[in-house]
Amino acid sequence: MTLVRTVLDAPGPMGALTLGVTEAGLALVAFGRHPEAAERAAARLGEPLADGDGGEAAVQLAEYLAGTRRVFEVPLDWSLTAGSQRRVLETLYDTVPFGATATYGQLAARSGLGQAHTAARGVGSIMGSNPLPVVVPCHRVLGSDTLGGFGGGRATKEWLLALEGVLTPALDFGSE
């Protein structure tokens, strides 16, 4: 199996997404032009790395970012996840659809981690280590009274939530 790396131009504050796709499916989404992220993923998987076009994963991500896709149908390769991380990310993917949100505590409970403060904090850490952001929508996970953190940065989280109609889009005074 080979990890195929591609960089997808992305609108808004993301600028670009670096993707890693295996024969099993999409394995990696990294914010920005970071070919080294795919190199690290290939090394973790013990697979060779090749450059390519990203196939259907790149097409579906481009459609989502353009506002024409709400559900991803591309197969996912969960090989970069394990244990409770995988359980929480699969629960997120399966139970928080486009335009919906959940709190860290709600996701902890749904995933079987419990309802304690430490379980919610654990979910926060898992969101930060999500190898498939955007597709496995960690931007939809919020603090109980804040937007919470996000590996792609607050502006990207706000942009994605606005794309999905959760937040009102921010005004952009820089373009005319």
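The values are calculated or read from the model by the stated rules, or taken from the named source; none is laboratory data. Every value quoted in this text rests on a predicted model; they were computed, and no experiment measured them. Reconstructed Cβ throughout: ideal geometry from the backbone, glycine too, with neighbour counts over all protein chains shown. Each accessible area value is taken on the protein alone, full model and side chains, heavy atoms only, with ligands, DNA and RNA left out. Shrake-Rupley method; radii C 1.70, N 1.55, O 1.52, S 1.80 Å.
Annotations
- Residues of region 1-22 that are farther than 23 Å from L161 by Cα, assigned to a strand (DSSP E or B) and among the polar types (S, T, N, Q): T6, T22.
- In the condition set (1) in contact with a helix residue (DSSP H, G or I) (Cβ under 7 Å, 6 or more places away or on another chain); (2) at pLDDT below 95; (3) farther than 23 Å from S125 by Cα, G54 is compliant with all but (1).
- For the condition over 13 Å from the mean Cα position of the chain (by Cα), under 25 Å from H34 (Cα atoms) and not hydroxyl-bearing (S, T, Y), G148 qualifies.
- Residues of region 91-100 satisfying the condition of being open to solvent by 30 Å² or more (accessible area, probe 1.4 Å), part of a helix (DSSP H, G or I) and touching a residue at least 40 places away in the same chain (Cβ under 8 Å): Y93
- Qualifying positions in region 23-63 - part of a loop (DSSP other than H, G, I, E, B) and surrounded by 18 or more Cβ atoms within 10 Å (Cβ to Cβ): E47, G54
- Check on G124, touching a strand residue (DSSP E or B) at 6+ places or on another chain (Cβ under 9 Å), in a helix (DSSP H, G or I) and closer than 28 Å to H34 by Cα: yes
- Number of positions in region 101-126 that are without any contact (Cβ under 8 Å) to a residue 60 or more places away in the chain and open to solvent by 50 Å² or more (accessible area, probe 1.4 Å): 10
- Search result, residues across region 127-159 that are aliphatic (A, V, I, L, M) and either more than 22 Å from G12 (Cβ to Cβ) or without any contact (Cβ under 8 Å) to a residue 40 or more places away in the chain (or both): M127, L147
- Residue in region 129-148 that is under 24 Å from L80 (Cα atoms), in contact with a Pro (Cβ under 8 Å, 6 or more places away or on another chain) and in a helix (DSSP H, G or I) present: yes
- Count - residues of region 64-89 that are open to solvent by 60 Å² or more (accessible area, probe 1.4 Å) and either assigned to a helix (DSSP H, G or I) or among the β-branched types (V, I, T) (or both): 5
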